[in-house]
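Written out below as C-alpha cells is the structure these notes cover.
The values are calculated or read from the model by the stated rules, or taken from the named source; none is laboratory data. What you are looking at is a predicted structure, and each value in this text was computed from that prediction instead of being measured. Note: ideal-geometry Cβ built from the backbone for every residue, glycine included; neighbour counts use all protein chains shown. Accessible surface areas use protein heavy atoms only, side chains included; no ligands, DNA or RNA. Shrake-Rupley method; radii C 1.70, N 1.55, O 1.52, S 1.80 Å.
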Amino acid sequence: MVGKLTDWEQRIGRRLRLRDLHVLASVTKLGSMAKAAAELRLTQPAISQAIADLEAALGVRLLDRSPRGVSPTAYGEALLRRGTEAFDALAQGIKDIEFLSDPGKGEVWVGTSESYISGGLLSAVIAGLAEQYPRIVVHVLEANTAAMEFRELRERKVGPVRDDDLKVDVLYDEPIVVAAGTNHRLARRRQLTLGDLTDESWILAPPGTAVRDLVSGAFSAQGLPVPRLGVTTYSMQLRMQLMATGQYLTPVPASLLQFNAERWSLTGLPVSLGKPLPVAIVTLKRRLLHPAAQLLIEQARKATASASKAGTTKRATRG
C-alpha cells in the first residue's frame with residue numbers, strides 16, 4: 001500500500017531524479033538490468049541502485065524479478081506512464097527554446113484521415129504555412145480519425161471525442177456529399193432523392209465510422225433500406241480509381257470536391273445526407289504545443305475561414 005506522501009512537493013525535487021526514471025524506462029524496455037547497463041554505459045550495480053532509490057522514495061516495488069528477466073509492477077507502469085509525459089514535456093521545452101532562439105524553424109506532426117490528405121484542404125494549410133515559415137517541417141501521418149481513434153496522438157506521433165485526455169477544437173462543420181464520377185448514369189440529374197440511390201453500388205468506410213453512420217442514418221430517417229454495399233475501404237486512392245469506372249457512389253467531404261472535382265472527374269449529386277460533421281483539431285490536454293504547431297493551427301483557422309467566406313460548401317455540393 002502506498003503511504004501518504006504529505007510533503008511530496010518538497011520531496012520530489014530531492015528524491016525523484018530524472019536519471020533514475022530514465023534507468024527504469026530502459027530496464028523495462030529491455031527486460032534486463034544487465035542489458036540496460038550496457039545500453040546506458042553504466043555498471044549493473046549503478047542500475048540496481050537507481051531502481052532501489054526509486055522504490056525507497058515511493059515505498060513500493062516497481063519491478064518484478066524472475067529468472068526470465070524483469071517486468072514492471074502496476075506501480076512501475078503507473079510511474080512510467082507519467083515519466084513518459086515528463087520526458088516529453090522536457091523535450092518540448094528544448095524545442096521551444098530552439099524555436100525562440102531561431103524563430104520560424106521547427107517540426108510539426110499531423111495525423112489526419114486520407115480524405116483530407118488527398119482532398120486538398122491540408123495541402124492548402126501546409127502551403128500557406130510554408131510561404132511564411134519555409135523552414136518548418138511538417139510530418140503527415142495517416143490516422144484513422146474516421147473511427148475516432150487517436151493512438152498516434154497519444155503515442156506522441158502526432159464520433160464526438162469522449163476521451164478526457166484530449167482537447168477538441170472545432171474549426172468548422174463540413175457537409176458530407178454523395179460523389180459520383182462524371183461518367184456515372186446519375187451524374188447529370190438535377191433532381192434526385194435518396195430513394196433513387198438505394199440500388200446503386202456504394203463505396204463506404206468500415207462499420208462504426210462517423211460518415212458511414214451518417215449515411216445509414218440519412219436513409220433510415222426516410223424509411224429507406226441502407227444503400228447497396230459494393231466496397232468497404234478507408235483508402236481514398238482506391239475510391240477514386242473505382243469512381244472512374246462510373247459504377248460507384250461514395251460519400252466525401254465537400255472540400256474534397258472543391259479541390260479535386262475537375263482533376264478526378266467527380267461531381268456531387270443533388271441529395272442531402274443531413275447534418276454536417278465537425279472538422280476539429282485534437283490535441284492532448286496536458287501537453288504544451290510547440291510554437292510551430294501553434295503556427296500550423298493558426299494557418300488552419302485562416303484556411304478554413306477563407307473557404308467558408310468563399311462559399312466552399314455551396315459550390316462543392318454541385319461539384
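Residue 226 - would you say it is farther than 19 Å from residue 261 by Cα and surrounded by fewer than 17 Cβ atoms within 10 Å (Cβ to Cβ)? For residue 226, the condition - farther than 19 Å from residue 261 by Cα and surrounded by fewer than 17 Cβ atoms within 10 Å (Cβ to Cβ) - is met.
For the stretch 208-228, the set of residues classified as in a loop (DSSP other than H, G, I, E, B) and either touching a helix residue (DSSP H, G or I) at 6+ places or on another chain (Cβ under 8 Å) or not basic (Lys, Arg) (or both) consists of 208, 209, 222, 223, 224, 225, 226, 227, listed by residue number. In the set (1) at pLDDT below 95; (2) touching a Phe, Trp or Tyr at 6+ places or on another chain (Cβ under 7 Å); (3) among the hydrophobic types (A, V, I, L, M, F, W, C), residue 261 fails one condition alone, (2). When 245, 267 are screened for being hydroxyl-bearing (Ser, Thr, Tyr), modelled with pLDDT of 90 or more and surrounded by fewer than 18 Cβ atoms within 10 Å (Cβ to Cβ), only 245 passes. Scanning the stretch 94-117 for residues that are farther than 30 Å from residue 205 by Cα, modelled with pLDDT of 80 or more and open to solvent by less than 40 Å² (accessible area, probe 1.4 Å) gives a single hit, 106. Considering only residues in the stretch 159-179 that are acidic (Asp, Glu) and either closer than 18 Å to residue 274 by Cβ or modelled with pLDDT under 85 (or both), the one that is surrounded by the fewest Cβ atoms within 10 Å (Cβ to Cβ) turns out to be 164. For the stretch 54-87, the set of residues classified as modelled with pLDDT of 85 or more and under 11 Å from residue 24 (Cα atoms) consists of 54, 55, 62, 63, 70, 71, 72, 76, 77, 79, 80, listed by residue number. Inside the stretch 43-68, residues that are in contact with a strand residue (DSSP E or B) (Cβ under 8 Å, 6 or more places away or on another chain) and of a type in the set (A, V, I, L, M, F, W, C) make up a count of 3.
Under the condition of being of a type outside the set (Ser, Thr, Tyr), more than 18 Å from residue 271 (Cα to Cα) and either crowded, with 19+ Cβ neighbours inside 10 Å or at pLDDT 95 or above (or both), the residues counted in the stretch 197-223 number 1. Residues that are part of a helix (DSSP H, G or I), out of contact with any Ser or Thr (no Cβ under 8 Å at 6 or more places or on another chain) and crowded, with 16+ Cβ neighbours inside 10 Å within the stretch 118-138 comprise 118, 124, 125, 126, 128, 129, listed in sequence order.
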